[in-house]
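What follows is a set of notes on a single structure, which appears directly below.
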Amino acid sequence: LALVVALEAQPPPPGAVIASLLGTAVAVALAELYSELVGFETIRHRKARAAELRHLGADIAAVAFGIAFPALFFLLAAVGSLNTETAFTVAKWTGLVLIGVYGFAGARLSGAGLATSLIQAAAVALIGAALIALKSIVH
């Protein structure tokens, strides 16, 4: 969401946005993998096994998906189905919803009840909304 908001200030062509989002997804996924492996090996004093690596990979894939997802809207802009301004708008708001969904899912997976999960989802969505609002005020 932060990357989409930052790029919107001086929008590059849709292809450049797609490349930026996909490149960021790969970079963040690799950084997350490295961080998780260092943490795993530090705590357990051993290398991760194949099943543990698969579990880490699933978590990292979710992060990469969240980053890369808005590229879909810029692909639609690149082929002429959306204009670039609309792609930015849809990417921002679906990103905000996705952040809320991740907040909700994270809370539920940690054992939180429905009300607590909804509060956590709202809290992280408000952070994303604050980013969008700040961008609107500054630009």
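In the set (i) 17.2, 53; (ii) 14.2, 39; (iii) 13.4, 37, which value of Rg and Dmax of the Cα atoms in Å was calculated from the structure you see?
(i)
Got a number for carbon plus sulfur as a percent of the chain's accessible area, 1.4 Å probe?
Values: 5840 of 8270 Å².
Roughly 71 percent, rounded to a whole number.
Kindly report, to the nearest 10 Å², the accessible surface of Thr24 as traced by a 1.4 Å probe over protein heavy atoms only.
50 Å²
Could you identify which residue out of Leu56, Leu109, Leu37 has the top mean-square fluctuation in a GNM of the chain using Cα springs shorter than 10 Å?
Taking springs between Cα atoms under 10 Å, the residue moving most is Leu109.
Which of the trypsin sites (Lys or Arg not before Pro) found in the stretch 42-90 are loop residues per DSSP with 15 or fewer other Cβ atoms within 10 Å of their Cβ?
Arg46, Lys47, Arg49
Just to confirm, what accessible area per residue do you get for the chain at 1.4 Å probe, in whole Å²?
Numbers: 8270 Å² over 139 residues.
Accessible area per residue: 59 Å².
What are the residues whose amide H is under 5 Å from the amide H of Leu82, where those residues sit 5 or more places off or on another chain and H is modelled from the backbone?
Close amide H contacts, sequence-distant or interchain: Ala77.
How high is the relative contact order of the stretch 3-139, given as a whole-number percent (alpha carbon pairs under 8 Å, six or more residues apart)? Don't skip to the answer; put the middle values down first.
On the way: 113 pairs, mean separation 36.2, N = 137.
In percent, rounded to a whole number, it is 26.
Helix by helix through the chain, keep the DSSP H runs that span 20 Å or more along the axis on Cα and average at least 1.6 on Kyte-Doolittle, and give those back in order.
Values: long enough: 14-44 (44 Å, 1.17); 50-68 (26 Å, 1.09); 84-109 (36 Å, 0.88); 114-138 (36 Å, 1.99).
Taking the DSSP H segments of the chain (at least 20 Å long, mean hydropathy at least 1.6), we get 114-138.
Measure out, as a whole number of angstrom, how far apart the alpha-carbon centroids of the stretch 71-106 and the stretch 1-53 sit.
Cα centroid to Cα centroid, the span is 18 Å.
The values are calculated or read from the model by the stated rules, or taken from the named source; none is laboratory data. Because the structure is a prediction, the values reported are computed rather than measured. Every residue, glycine among them, receives a Cβ derived from its backbone with ideal geometry; neighbour counts consider all protein chains shown. For the accessible areas, the whole protein counts, side chains as well, though only heavy atoms, and no ligand, DNA or RNA atoms are used. Shrake-Rupley method; radii C 1.70, N 1.55, O 1.52, S 1.80 Å.
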